[in-house]
Every structure is written in structure tokens, then in C-alpha cells.
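Remarks on the structure that follows.
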Amino acid sequence: MTELSQLTLVEAAAALRTGECTSVALTESVLDRASLTEASVHAYLTIDRQGAMAAAEASDRRIAAEKPIGPLDGLPIALKDNMMTKGIETTASSKILSGYIPPYDGTVVKLLREAGAVFVGKTNLDEFAMGSSTENSAYGPTRNPWNLDTVPGGSSGGSAAAVAAGSALAGLGSDTGGSIRQPAALCGLVGMKPTYGLVSRYGLIAFASSLDQIGPLTRSVQDAAILYEAIAGHDPHDATSFPGPAPSGTERLGAGVEGLRVGVVNELSGEGIDDEVLVAFRTTIDRLANAGAEVVDLSLPSTATALSAYYLIAPAECSANLARFDGVRYGLRVDGSTVDEMMSLTRAEGFGSEVIRRILLGTYALSAGYYDAFYGQAQRVRTLIIQEFATAYEQVDVLVSPTAPAPAFELGAKTQDPLSMYMQDICTIPSNLSGHPAMSVPVGLSASGLPIGFQVMAPALGETVMFQVAAAIEALSDDIGRPVLEVVAS
Amino acid sequence: MNWEPVIGIEVHVELETASKMFCGCAVDFEAEPNTNVCPVCLGLPGALPVPNRKAIEWITKIGLAFNCSISERSQFHRKNYFYSDQPKNYQISQFDVPVCHDGWLDVTVAGATSRIRINRAHMEEDTGKSIHVGDSGRIHSATETLLNFNRAGVPLVEIVSEADIRSAAQARAYAQDLRTVVTALGVSDAKLEEGSIRFDANVSIRPVGTEPFGTKVEVKNMNSFRSLERAVDYEIRRQEGVLESGGIVHQETRHWDEGEGVTHSMRSKEGSSDYRYFPEPDLLPIEVTDEWRDEIAATLPEMPAARALRYVALGADGDSASSLAGSEALATLFESAVEAGAPGNVVANWLTGEVTAWSRRESLDVAESALTGKHLRDLAAMVAANSLSSTAAKEVLGYVLAGEGGPAEVATAHDLVQISDSGALEEAVDEVIADNAEQFARLAGGEDKLIGFFVGLVMRVTGGKADPRAVTEILRSRIS
């Protein structure tokens with residue numbers, strides 16, 4: 001049998017049911033793995049060994065009594081550190097929340113707890129989810145298990161690296177402009193962003209409220225579908241939560257792509273995309289066509305302006321969302337001679353440079369006299385993108401593109417050039433602006449052995465067909481395996 | 001030069017819903033500090049607002065009561081500014097599309113009625129409260145600030161008038177009438193002294209006969225209707241003084257000092273403030289369908305102005321009718337007394353006279369007294385039957401208010417009942433005639449001024465409880 005820490009959720013759940021292993025054994029396996037990999041990978045900010053072992057033991061008792069709660073019972077999962085976990089430090093990788101212990105569980109965390117999942121710990125991210133490399137963390141960067149000189153992507157790079165390295169079987173990330181899908185692509189995983197509103201944002205530290213969405217990072221499409229189903233559903237604590245039932249993720253897995261119409265977005269599949277990525281993308285398109293899909297080339301011209309619109313809307317929202325971190329009620333406080341001075345000093349000390357850059361950008365974009373030219377214009381672009389997508393989905397079932405423009409880059413390569421870092425999300429941002437679901441599936445390795453991702457996008461509430469296509473791609477692609485990570489016991 | 005004041009009033013009303021605007025915490029100001037709080041109203045990371053449907057219903061009610069149009073879809077916005085008692089450092093408010101817009105309220109001052117247009121009424125949330133601890137209790141010398149978030153997130157309705165008000169007296173009347181309506185709706189206790197209703201005035205002046213507005217000054221911190229009127233009056237005169245002496249009125253916020261009777265300039269950061277409003281992404285637009293609006297309209301109680309008209313028809317004079325209609329407690333007593341058969345004019349006078357005076361003297365709400373409509377009916381009946389003089393009736397009313405018992409009971413206990421039994425009175429008159437035969441002969445002979453002498457004697461014999469008119473009648477009957 002494979003090393004326990006390398007199992008998929010589905011394989012592990014089966015092993016638990018047949019008694020081949022226990023949740024305690026699974027949990028120890030990922031914890032042992034973490035103790036080997038963390039020194040080099042640094043996927044976690046907090047590892048909750050005690051809590052994880054207690055949850056695993058409780059799960060084993062349920063399984064022994066033949067009363068497991070569901071498909072996730074007893075499975076070790078990593079949580080991005082921007083999700084509220086009662087009693088466990090939650091910092092969003094920011095100094096301003098250093099030592100902050102939330103008094104409540106976010107809805108997704110609560111759902112997973114109730115489903116019997118075992119939380120290994122809280123994973124690293126770009127501070128407040130702002131970044132594409134997990135280098136913008138006040139607690140140091142995370143490295144890509146496929147090549148420790150490269151970044152894991154971001155902002156959910158910690159969760160992605162944990163799953164890739166074997167220190168969790170699956171992870172949760174949050175995706176505001178590609179923060180699940182891009183690290184999934186760079187770490188050789190499946191990463192999925194649900195339709196806006198399907199997964200509750202209650203208890204997720206807000207970056208850009210109209211774009212944020214929690215989703216799974218897993219080793220297989222089926223795992224992603226199962227984890228998605230566990231966290232999706234209406235939440236009365238989130239006023240933007242979709243009131244109806246969430247579409248199935250698992251229903252049409254294995255149904256193939258025969259007769260499905262697949263649209264290739266020209267604007268996202270040519271200029272600015274690395275050659276190796278394009279080759280892998282084209283190869284996958286050919287395989288889909290061979291498997292019976294009808295491939296159509298489509299133009300979505302407004303996606304060219306999506307990045308600009310995103311970098312006005314997201315900073316504008318974040319400028320308000322991050323205003324609450326002021327040193328008054330919780331978190332870091334730097335004393336000053338007046339309350340205003342205390343707030344200023346606290347924020348200057350507590351926020352990293354990328355966060356400050358975006359707060360300033362957003363504050364400026366909302367200022368009197370500039371609102372219409374910046375924020376107002378960005379919202380009009382957003383409306384246009386939604387309309388273009390709607391028209392496209394009249395012709396096709398799913399849209400596809402590469403996930404990230406290139407495989408993982410080296411640490412520090414883009415930290416001095418915010419714009420080139422922002423370009424990482426060129427293919428993923430349109431789905432956040434439109435609110436549509438999208439996911440990344442690994443389709444191959446570059447010549448230097450780094451994973452390449454393929455993005456499948458679907459209309460609102462189109463999760464079922466999206467997972468169907470993603471599963472077909474997974475089946476049609478060569479297995480990239482797991483990263484070979486040289487580790488030394490720390 | 002003759003100047004014309006141009007005044008607009010902004011009113012903040014705290015709604016007395018069971019729970020806060022965006023979370024389930026209780027609305028209760030009596031509670032221990034920071035006990036009615038949760039992740040949402042404390043602005044903890046990750047918390048999200050969920051709107052209170054009751055508050056939306058109630059602001060719609062307020063809008064309808066002020067003849068406003070109700071937006072089918074209105075939008076929440078974030079109003080961004082840093083302040084330590086504001087947990088998120090933005091307030092969820094409304095900007096370009098409020099729930100209610102374009103209404104009016106008719107206000108009467110010295111017999112002249114004017115229509116004051118209401119620009120809008122929008123929904124927002126209240127802040128927490130800061131308590132500055134230090135030598136003087138004022139912010140500039142405070143060494144510490146304590147924060148109580150029990151009030152944070154309480155539903156707040158802001159009602160903004162057009163600049164249609166033209167005098168301090170009219171400003172006061174508008175504020176009073178507005179409060180009366182809000183109270184009648186039962187959506188807020190609307191107590192000025194406790195801040196559950198707050199009035200700010202925007203005051204400017206312009207030469208009479210000109211159109212353009214002068215520079216406006218916002219006046220804050222008035223905690224009674226009287227101080228509102230005084231503050232506006234002061235501000236008008238202050239601006240006149242400034243302009244007459246060739247000065248310039250600055251756009252600023254001024255603080256009313258009740259003790260000194262003047263307004264002081266607050267730090268004028270206000271003029272340049274930029275709240276960077278943008279649509280609240282955590283909330284969907286508020287929908288008030290025509291159907292829901294009509295349902296809410298059907299629950300509107302009778303408005304004070306309409307009620308006053310009805311009271312006039314029931315016998316109250318105009319001023320009394322307005323006073324009665326403006327007080328839930330007085331109106332209830334008036335209606336139940338009239339329904340029980342009491343004459344409206346008499347009861348109206350008692351309620352606006354003795355009863356109101358009692359309430360002021362005792363600092364008690366009339367609703368807290370023992371007085372009932374039946375008491376008023378009985379009292380009126382005793383006066384009508386001449387068993388109580390109108391003076392004695394007022395005294396009896398005082399005892400009833402104090403909870404001593406019903407009118408008949410207290411009138412007897414305090415020995416105030418008039419002898420109206422004609423047999424007993426005739427006996428007393430005949431006795432006095434017999435004892436004063438000589439004077440009676442002179443009276444019978446035409447010396448009419450002696451009638452007072454006999455009435456006086458009968459009053460003395462009866463210990464003052466005889467009805468003088470009845471005594472006179474009996475005497476007349478003995479003469480003829």
C-alpha cells in the first residue's frame with residue numbers, strides 16, 4: 001500500500017472503512033511527514049497536533065462503531081490561515097493578527113468539523129490573501145515541494161504545498177483572483193473555485209468580498225468534488241449565500257466529454273503564455289476532441305481588461321475590509337499619543353508592503369472625484385465580462401484556458417515587480433469577476449519537471465458539468481505523480 | 001438688511017427592534033457594557049452582516065407615515081471613516097438609493113401651516129459609545145477611553161428634510177411633530193435625553209427675497225426641543241452678526257452649549273471629509289415589493305394630525321386635540337373616557353390641564369398613573385349631577401392620579417361631595433329662613449341683595465358642600 005500521507009481522500013476513506021488503517025494512523029502519517037518537510041517547505045503557520053490527534057481518535061471510535069459521519073470522517077485536512085478556527089491562532093499571515101485566537105469557527109470550518117474532518121493545522125498564505133507566490137507572508141515564504149527554489153503560487157500556497165508535500169491529504173484555500181487555481185497549477189494539484197455564493201464566506205477574513213470564495217485543493221478531481229460538496233450550501237450567516245441547493249460535484253464524474261462543447265478562450269490562450277504551457281494546453285485540447293468533445297474557438301475581448309478592473313475593485317473592497325484592523329479591539333497595538341496616532345502606527349507596523357500598496361490603491365480609487373473614473377469604470381467592465389461570458393455559454397458548455405501563464409517561478413523573481421506578479425492571475429481573474437466556477441487540473445510537467453495546470457470554467461451553478469470535464473481531462477492526462485522531495489529530519 | 005433663515009433638519013432615530021441591524025444581539029442599553037456583542041457587531045475578522053427584516057419593515061412604516069415613496073430596490077453602501085467606537089471603521093449606511101424618498105410633513109406654527117419636504121429616510125447602523133476617562137471627562141484631556149459596543153449595530157433611521165424650514169420655532173415644531181409620529185408608530189421610544197432620537201440642524205441665512213442659499217452650518221448636541229429652538233435661534237443671530245459686520249460664515253459643524261446658550265466651532269475636519277462610499281458587497285439590495293409595502297401600509301396606525309381632527313369632532317378644542325393626539329397616554333385616556341360617555345370638551349381640558357401638570361410635577365408618565373377613562377367618565381358625571389363643584393372635581397382628579405381610589409371614593413373620603421339632594425338642601429334653607437325671619441321678610445319685600453346673605457348662611461350650615469345655584473333656586477321658590 002502507498003504511504004498513507006500520499007493517499008487521495010477517496011483512497012483514505014476506503015482504507016478507513018475496510019480497517020486497513022485508522023484515522024490516527026493517517027493523521028500521524030501526515031504529521032510525521034510535516035515534521036520532515038516543514039523545515040524546507042514551510043506550508044504551515046500552526047500545526048495543531050493535539051487537536052488533530054483528538055479528532056482522529058474520535059473519528060476512529062465512530063468508524064469502529066460503524067457510524068462514520070460521511071466521506072470526510074477521519075481525513076486530515078489543511079486549512080488556509082484566513083479561516084476562523086475557534087481557539088486556534090488565525091493570522092492571515094499578517095503581523096497585525098499575530099497571536100489572534102478567534103472566538104468562533106467560520107461556517108466552512110464548522111461544516112468540516114461536523115463532517116468529522118481532522119484539521120492538521122493552518123497554512124501559510126500571502127498576507128490577507130494578497131499575492132500569487134506566498135512570499136508576502138509576515139512569517140516567511142512557503143516553497144514548492146516540486147522544486148524548493150520555486151514558489152508554490154499563491155495566495156493559498158501553504159495549503160497547496162501541504163497537499164503536494166504529503167503533510168495533509170487535502171486542503172482548503174480561498175480564491176479572489178486565482179488564489180486556489182494558480183497554486184494548484186504550480187503544485188500539480190486540482191484546485192477549484194465554486195460559483196460565488198455557493199460556499200459561505202462567514203468566518204473567512206475578507207479580502208475582496210464580492211470576489212472571495214473558498215474551495216478545495218486536492219490530489220484528484222473526485223476528491224475536489226467531494227470536498228466541494230461538503231462545504232457548499234446555503235448559510236443564513238452570509239447574506240450573499242445562494243439560497244437554493246448547491247449543484248452536485250460528483251454526479252457526472254466519469255461520464256466523459258462525448259458531445260460536450262468546449263470553448264477555447266483566444267485571449268487567454270496565446271499572448272503572454274509560456275510555450276511549454278501552451279503545448280500542454282493544446283495537447284489536452286486535442287485529447288478532449290479525440291474523446292468526442294466539440295472544440296470551439298471563442299473570443300472574449302473584455303477579458304483583456306479584466307486584470308485592470310480587478311486591480312481597482314479588489315483593492316477598493318480591501319481598503320474597507322482591512323479598516324477594522326486598527327489596534328482598538330484585537331490584534332497588534334502600537335501605542336501612540338492619540339487614538340488616531342495609535343491606529344496609524346499600528347497599521348504601519350502591522351501590514352506588509354503589498355497590503356499597504358493595495359489599501360492605498362483602493363482608497364485612491366474610491367476617493368471623491370475619482371470614484372467614477374476608477375471604481376465605477378471597473379464595475380462597468382465587470383458587467384461587460386459577465387455579459388460576454390453569458391453569450392459564450394449560449395454556445396458552449398465550458399470554457400478552457402491555461403491556468404497560470406507559466407510553471408512555478410523562482411523565489412524572489414517577481415517580488416520587486418508587482419505588475420509581473422499580477423500577471424500570474426491573467427487567466428483566473430475573469431471567473432472571479434463574473435462569479436462563475438472555475439478549476440485547475442494538472443495536465444503535465446515542464447521539461448524542468450514542474451507541473452502545468454489546465455483551467456476549466458463553467459457558467460454560474462455549472463459545477464456538475466465542470467467536474468465532469470475536469471474528470472475527463474484527468475483521465476486523459478498522464479499522471480504527473482507526486483513530487484520527489486529531499487527531506488531531512490528536523 | 002433683512003435676513004431669511006434657511007434650515008434643514010437631520011434626524012436619527014434608533015429603532016427598538018428586538019435585535020440589532022445586522023446580527024442577533026439584543027437591543028438593550030441597560031445591559032452591562034459589552035454584553036450584547038458578537039463577532040458581527042464587534043467587527044471581528046471574518047464576520048458578515050445579515051439584515052434585520054423587521055428594521056426594513058419599520059423604516060418602510062416611517063417612510064409611509066411621512067408620505068414618502070418607497071424604493072422597490074435600495075442599496076446599502078459602506079461609509080468609510082476611522083473612529084474607535086466604530087468597529088469596522090466603516091458604517092453600513094445608504095447613499096444614492098435610500099429605502100424612502102420624497103415625503104413631507106405639515107407643520108403648524110402660530111396658526112400657519114407649512115409643508116416641510118422630506119428628502120429621504122435611510123437605513124444605517126449605530127456606533128458604539130466612547131466614555132472618556134480623565135480629569136474633565138472631555139476628550140482632549142482624557143487619559144483613557146472606554147468603549148461600550150452594546151449600541152454598535154443598533155438599527156438607525158436617518159430622516160433628512162429639505163431646507164424648507166424658515167424659523168427656529170418652525171424647526172422645533174417640525175422636530176416635535178416628527179417625534180410624535182415616530183412614537184405613534186411604535187418603532188422607537190424616541191427619547192431625546194437618552195439619544196434614541198437625535199436632531200441636527202443645518203442653518204444658513206440669505207437676504208430676504210433672494211434665492212441662493214448661504215453657507216450652511218451644522219449645529220449638533222441639542223438634547224431637548226427647547227435647546228433645538230434656542231440653538232437654531234442663536235445660530236441665525238450669530239450668522240446675521242457675522243454677515244452684518246462684513247464677515248464670512250464658514251462651513252463647519254458647531255456644538256450647542258446648553259449652559260452658555262451659544263454654539264462653539266468643533267474642529268472643522270468635517271468640510272473636507274470624504275467617506276468614499278461604495279456599494280456594500282456583503283449585502284444584496286433591499287427589496288420592498290409593492291405587495292409587502294401595502295401590507296406594511298395596512299398596519300399604519302392613525303397619524304397624529306388625523307387623530308387631532310377626529311378629537312375636535314369629539315369636542316376637544318384645536319390646541320387640546322393636538323396635545324392629546326401627540327401623546328399616546330393622553331389619547332388613550334381621552335378615547336376611553338369619551339367612549340364610556342364622558343363629554344369630550346371637559347375631559348380634554350382636564351387631560352391637557354391638571355393631568356399634564358401632574359405628570360410634569362411628578363415627573364411621571366401619565367400612563368404610570370392610576371387614572372382610567374372610567375374615572376374621567378365618573379368624574380364628569382358627578383360634576384354634571386352637581387355632586388361635585390368644578391373646583392372640587394380638579395382636587396378629586398389629583399387624588400385619583402395619586403392612586404387613592406375612584407372619584408366617588410376619594411370625593412367622599414376628602415369630604416368634597418356637594419349636597420345636591422333637594423330634600424336635604426330644602427331642609428337647610430327652611431331652617432335658615434326660620435332662624436332669620438326678619439331678613440327673609442326684607443328679601444321677599446324686594447331687597448334682592450340679601451339673597452347672597454342667605455346663600456352664605458346655607459353654605460355655612462352645610463359646611464360648604466351645598467351647590468350655590470341649587471340653594472338660590474330654592475330660596476327663589478320660597479319667596480314666590
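So the values come out like this:
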| quantity | calculated |
| --- | --- |
| Any chance B:Asn202 is over 14 Å from the mean Cα position of the chain (by Cα) and modelled with pLDDT under 95 | no |
| Unique residue being without any contact (Cβ under 8 Å) to a residue 12 or more places away in the chain, part of a helix (DSSP H, G or I) and charged (D, E, K, R) when the list is B:Arg226, B:Arg237 | B:Arg237 |
| Those residues of segment A:216-265 which are free of Cβ contacts under 8 Å to residues at least 60 places away in the same chain, of a type outside the set (Asp, Glu) and within 27 Å of A:Ala293 (Cα to Cα), in sequence order | A:Pro216, A:Gly259 |
| Checklist (1) surrounded by fewer than 21 Cβ atoms within 10 Å (Cβ to Cβ); (2) assigned to a helix (DSSP H, G or I); (3) within 14 Å of another protein chain (Cβ to nearest Cβ) applied to A:Ala58, failing item | (3) |
| Restricting segment A:266-298 to residues that are outside any strand (DSSP E or B) and among the charged types (D, E, K, R), the residue that is nearest to A:Ala447 (Cα to Cα) | A:Glu276 |
| Any hit, segment B:260-273, residues being on the phi < 0 side of the Ramachandran plot, hydrophobic (A, V, I, L, M, F, W, C), in the same structural domain as B:Asn80 (by TED's automatic domain parsing) and not in a helix (DSSP H, G or I) | yes |
| Looking only at segment A:103-123, and only at residues there that are within 11 Å of chain B (Cβ to nearest Cβ) and crowded, with 24+ Cβ neighbours inside 10 Å, the one that is nearest to A:Phe207 (Cα to Cα) | A:Gly106 |
| One residue from B:Gly423, B:Gly452, B:Gly446 being part of a loop (DSSP other than H, G, I, E, B) and over 30 Å from B:Val347 (Cβ atoms) | B:Gly446 |
| Pair list, Cβ under 7 Å, 6 or more apart: segment B:315-328 residue outside the structural domain of B:Ser359 (by TED's automatic domain parsing) and touching a residue at least 40 places away in the same chain (Cβ under 8 Å), other residue surrounded by 24 or more Cβ atoms within 10 Å (Cβ to Cβ) and among the aliphatic types (A, V, I, L, M) | none |
| Set B:Glu211, B:Glu194: member being loosely packed, with under 14 Cβ neighbours inside 10 Å and either within 14 Å of another protein chain (Cβ to nearest Cβ) or farther than 20 Å from B:Val11 by Cβ (or both) | B:Glu211 |
| Residue that is farthest from B:Pro45 (Cα to Cα) [pool: residues in segment A:285-318 that are within 14 Å of chain B (Cβ to nearest Cβ) and hydrophobic (A, V, I, L, M, F, W, C)] | A:Leu312 |
| Lone unmet requirement of (1) more than 14 Å from every other protein chain (Cβ to nearest Cβ); (2) buried (at least 24 other Cβ atoms within 10 Å of the Cβ); (3) among the hydrophobic types (A, V, I, L, M, F, W, C) for A:Phe128 | (1) |
| Residue ranges of strands (runs of 3 or more DSSP E) in segment B:31-145 with at least 3 members closer than 26 Å to A:Leu204 by Cβ, within 14 Å of chain A (Cβ to nearest Cβ) and of a type outside the set (Gly, Ala, Ser) | B:76-80, B:90-94 |
| Complete set of residues in segment A:319-332 that are away from chain B (no Cβ under 11 Å) and assigned to a helix (DSSP H, G or I) | none |
| Single match in B:Asp164, B:Asp177 (criterion: buried (at least 19 other Cβ atoms within 10 Å of the Cβ), modelled with pLDDT under 95 and assigned by TED's automatic domain parsing to the domain that holds B:Ser93) | B:Asp177 |
| Filter pass, B:Arg120 being over 30 Å from B:Asp319 (Cβ atoms) and either basic (Lys, Arg) or surrounded by fewer than 16 Cβ atoms within 10 Å (Cβ to Cβ) (or both) | yes |
| B:Gly405 vs. criteria outside any helix (DSSP H, G or I), surrounded by fewer than 17 Cβ atoms within 10 Å (Cβ to Cβ), modelled with pLDDT under 85 and small (Gly, Ala, Ser) | no |
| Test set (1) closer than 28 Å to B:His101 by Cα; (2) within 31 Å of the chain's Cα centre (by Cα); (3) surrounded by 19 or more Cβ atoms within 10 Å (Cβ to Cβ) - B:Asn36 fails condition number | (1) |
| Qualifying positions in segment A:333-368 - more than 12 Å from chain B (Cβ to nearest Cβ) and of a type in the set (Phe, Trp, Tyr) | A:Phe351 |
| Answer residue from segment A:265-287, given it is among the aliphatic types (A, V, I, L, M) and more than 22 Å from A:Ser448 (Cα to Cα) and is surrounded by the fewest Cβ atoms within 10 Å (Cβ to Cβ) among those | A:Ile285 |
| Residue identified as closer than 21 Å to A:Val163 by Cα, within 14 Å of chain B (Cβ to nearest Cβ) and touching a Pro at 6+ places or on another chain (Cβ under 8 Å) among A:Thr85, A:Thr37, A:Thr91 | A:Thr85 |
| Residue in segment A:181-200 that is within 13 Å of another protein chain (Cβ to nearest Cβ), not in a strand (DSSP E or B) and not small (Gly, Ala, Ser) present | yes |
| Count of residues meeting criterion [touching a Pro at 6+ places or on another chain (Cβ under 6 Å) and hydrophobic (A, V, I, L, M, F, W, C)] in segment A:204-222 | 1 |
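Per-residue answers, yes or no, for (1) at pLDDT 95 or above; (2) among the small types (Gly, Ala, Ser):
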residue	(1), (2)
A:Val396	yes, no
A:Ser401	yes, yes
A:Thr428	yes, no
A:Leu433	yes, no
A:Pro451	yes, no
A:Met457	yes, no
A:Val465	yes, no
A:Ala470	yes, yes
A:Val488	no, no
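The values are calculated or read from the model by the stated rules, or taken from the named source; none is laboratory data. Bear in mind that the values here come from a model prediction, so they are computed numbers and not experimental data. Please note: Cβ atoms are built from the backbone with ideal geometry, for glycine as well, and neighbour counts cover all protein chains shown.
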